[in-house]
Amino acid sequence: MSVFSPYGGIPEDKWVERTKRLIRQHPLDMKEVVDICLGSWNSIFDSKIGLKGFNIGKDIVPKPQIMGFFLHELIALELSSRYPEEWRGEDTSDDKDLVCIANSKYSVEIKTSSHPSKIFGNRSYAQKANENKKEKSGYYLAINFQKFTKRIKEPKILKIRFGWLDHDDWLAQKAASGQQAHLSPAVESKKLLTFYSLE
């Protein structure tokens, strides 16, 4: 069943106001969300892997997809460890990444990207959810981070945003072979509000 859009009938110049209202209604405190995101990112580099204790960033240089995976998992683990009766991570394919136990409408999908400012979804995000699939509309936590390069040895989180996206905000690639979906500049700037920026 599709979620009713809280932006229905609201002109674009009022989107930011509605986004602020939606964020105020959400049970998560945005300062704490930022703290959890930054702490989770730093903990990736503090971790050791294998019997010889190899370090990420020194001995192992993961691709952005792997860093995004670690960040997803650690954010969910940290939040659920702080509030085990209120939040948990994803258990089934129809769960969001952060599940609000008391009220699923506050559950959150996490999107990470090594692009400096944009986030992406797969092509299915531009389609309505099937009965047994994860609902695409709802609250989103968007995190942009630097990737490892010859110049960047200690990548940082660039931006943390939070807001609400509807499934039809996602625009699928026009090419039949395209597997990616993106957001328009208006949606990214007015439906996702910035709570942390490295700049």
Taking a cut-off of 14 Å between Cα atoms, list the aspartates and glutamates near LYS136, but don't count ones fewer than 8 places away on the same chain.
-> ASP94, ASP95, ASP97, GLU109, ASP166, ASP168, ASP169
Total formal charge among the other residues, if their Cβ is under 9 angstrom from that of VAL16, Lys/Arg +1 and Asp/Glu -1 | +3
So how much slack lies between LYS20 and ILE152, counting 0.36 nm per residue of separation and subtracting their Cα-Cα distance, in nm?
-> 44.1 nm
Peptide ranges 81-94, 48-61 listed from the most packed, as the mean C-beta count within 10 angstrom indicates = 81-94, 48-61
Where does helix 30-46 land angle-wise versus the long Cα axis of the chain, in degrees 0 to 90, nearest 10?
-> 30 degrees
Pairing the Cα long axis of helix 64-82 with the longest principal axis of the chain, what angle in degrees results, from 0 to 90 and rounded to the nearest 10?
-> 80 degrees
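Ranked highest first by the average count of other Cβ atoms within 10 Å around their residues, in what order do 70-80, 10-20 fall? Provide the component values of the computation, followed by the final result.
Values: 70-80: 19.3, 10-20: 12.8.
Answer by packing, highest mean first, reads 70-80, 10-20.
Quick one: work out Rg over Rh on the C-alpha atoms of the stretch 1-105, Rh as Kirkwood radius.
Numbers: Rg = 17.6 Å, Rh = 16.4 Å.
Rg/Rh: 1.07.
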Entry for Cα Rg over 2.2 N^0.38 Å (calculated from the structure that is shown) out of (1) 1.04; (2) 1.00; (3) 1.27 | (1)
Note down the net charge around SER80, summing +1 for each Lys or Arg and -1 for each Asp or Glu among other residues with Cβ under 9 Å from its Cβ.
-> 0
Using the structure shown, select from LYS150/LYS190; LYS111/LYS147; LYS14/LYS63 the pairs with a Cα to Cα distance greater than 27 angstrom.
-> LYS150/LYS190; LYS14/LYS63
Rounded tilt (10° steps) of 15-25 against the dominant C-alpha axis of the chain = 70 degrees
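Please report, in debye to the nearest 20, how large the charge dipole of the stretch 12-197 is about its Cα centre when each Lys and Arg carries +1 at its beta carbon and each Asp and Glu carries -1 there.
840 debye
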Charge context of GLY39, other residues only, Cβ under 12 angstrom, K/R +1, D/E -1 = -3
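Every number in this text was worked out from the coordinates using simple rules, so none of it is lab data. Just so we're clear, the structure is a prediction, and the values are computed from it rather than from any experiment. Cβ sites come from the backbone with ideal geometry, for glycine too, and all protein chains shown count toward neighbours.
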